[in-house]
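Notes for the one structure printed next.
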Amino acid sequence: MAGNMDRNAKALQEAWRREENTLCADCKKPDPDWASYTLGVFLCFDCAGIHRNLSGISKVKSIRMDCWEEGQIEFLMQHGNAKAKAKYEAHVPFYYYHPVHTDCLVLREQWIRAKYERNEFMKPGKQSPYSNGLKEGILWKRGRDNGQYLLRRFLLSEREGCLKYFTKQDAKEPKVAIKIDTINAVFQPEKTGNPNGLQITYLKDNKTRNIFVYHEDGQEIVDWFNAIRAAQFHYLKVAFPVASDQELRNRLTRNFLKEGYMEKTGPRQKEAFKKRWFTLDHRRLMYFKDPLDAFAKGEVFVGSREQGYSVMEGLPAGTQGSFTWQHGITIITPDREYLFTCETERDQQEWMTAFWHVIKQPMTPQEYAIEAYFKLRP
């Protein structure tokens, strides 16, 4: 009896330590220590929690804490993350967003449900809710001025290259038509206070505009998110025919590099520092009075080191503007210096890391055009 237990434990450890199983099958978090003995995949704690809700499809146990039957271990030995990926992710569209462990719950849950519950990627042609170039539906949209969420009709048209929304369901003309190539979409459950909250950021007259939407159904809001990515991908395929699919995917919707409060002072560097909410969307550092504001109060372009951009810890000696927070940051551009302060040293270091991440990257031709616009602004 003891010998069988030892053999089972050894077999379980052998399956667990195979290279293909060292990352969570669903979110790629290292060292997953749970497994589904009905799907044959190794999972992190959080993804295992989602699998528990897949009634009749996935049964999970802890590798470290639970007892395993011989048949369950044999099933894991015969399967594993690589075989599951080949089966359940065989036809994932190139534009489809693959959530990682740092992404919000709705993205991770819908990715798992799409794979194992709805079998969306086992055969081609099952992705029509977000892949056919046209999506229409009702979303709750936050009002720009009063903050109240109201039902609005949205229409995404790949052929027209835009996302529209209408204030009335039977309206002929849209309130806004947003060019698909200017859109970024980011899930913001904490900022919006809604688990399915989505922030859509776009450029209007080369100024950043935010709208906040949600849908009660997680699958529907994630379908909208991937429909936007699909439309962007196909637009870019036409606009940049020689670019690789990987290059185009890198230009689709992206998470903000960093968000949070800092204090800032004005161009004369004598004004009192004011607390603002900052969002770093690659090379655009935007600041808002409130995190849910529709328009940024201002923006700073963060270029590359080769073009004379840099970031320095602390503030210049003799800074005259009064400030509350003590952890300073100076962004150096070819035209001026921008001064900020952070509440904690950790915030300061995280912002510094994010700025250097951008500054170290060479600029694209499109980013040179954006930089030129910033320099021409009054």
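Details
- Test: residue in the stretch 280-290 that is hydroxyl-bearing (Ser, Thr, Tyr) and surrounded by 18 or more Cβ atoms within 10 Å (Cβ to Cβ): yes
- Residue count, the stretch 273-308 (criterion: part of a strand (DSSP E or B) and either under 21 Å from THR324 (Cα atoms) or not acidic (Asp, Glu) (or both)): 16
- Considering residues of the stretch 306-317 that are at pLDDT below 95 and touching a Phe, Trp or Tyr at 6+ places or on another chain (Cβ under 9 Å) only, the residue surrounded by the fewest Cβ atoms within 10 Å (Cβ to Cβ): GLN307
- The condition (being polar (S, T, N, Q), under 17 Å from ARG283 (Cα atoms) and surrounded by fewer than 12 Cβ atoms within 10 Å (Cβ to Cβ)) is satisfied by just one residue among GLN320, GLN366: GLN366.
- Count - residues of the stretch 315-330 that are over 18 Å from LEU257 (Cβ atoms) and either assigned to a helix (DSSP H, G or I) or within 30 Å of the chain's Cα centre (by Cα) (or both): 4
- Residues (under 21 Å from ALA239 (Cβ atoms), surrounded by fewer than 19 Cβ atoms within 10 Å (Cβ to Cβ) and hydrophobic (A, V, I, L, M, F, W, C)) located in the stretch 131-179: LEU134, ALA177
The values are calculated or read from the model by the stated rules, or taken from the named source; none is laboratory data. What you see is a predicted model, and the numbers here were worked out from it, not measured in a lab. With ideal geometry, Cβ positions are generated from the backbone for all residues, glycine too; neighbour counts draw on all protein chains shown.
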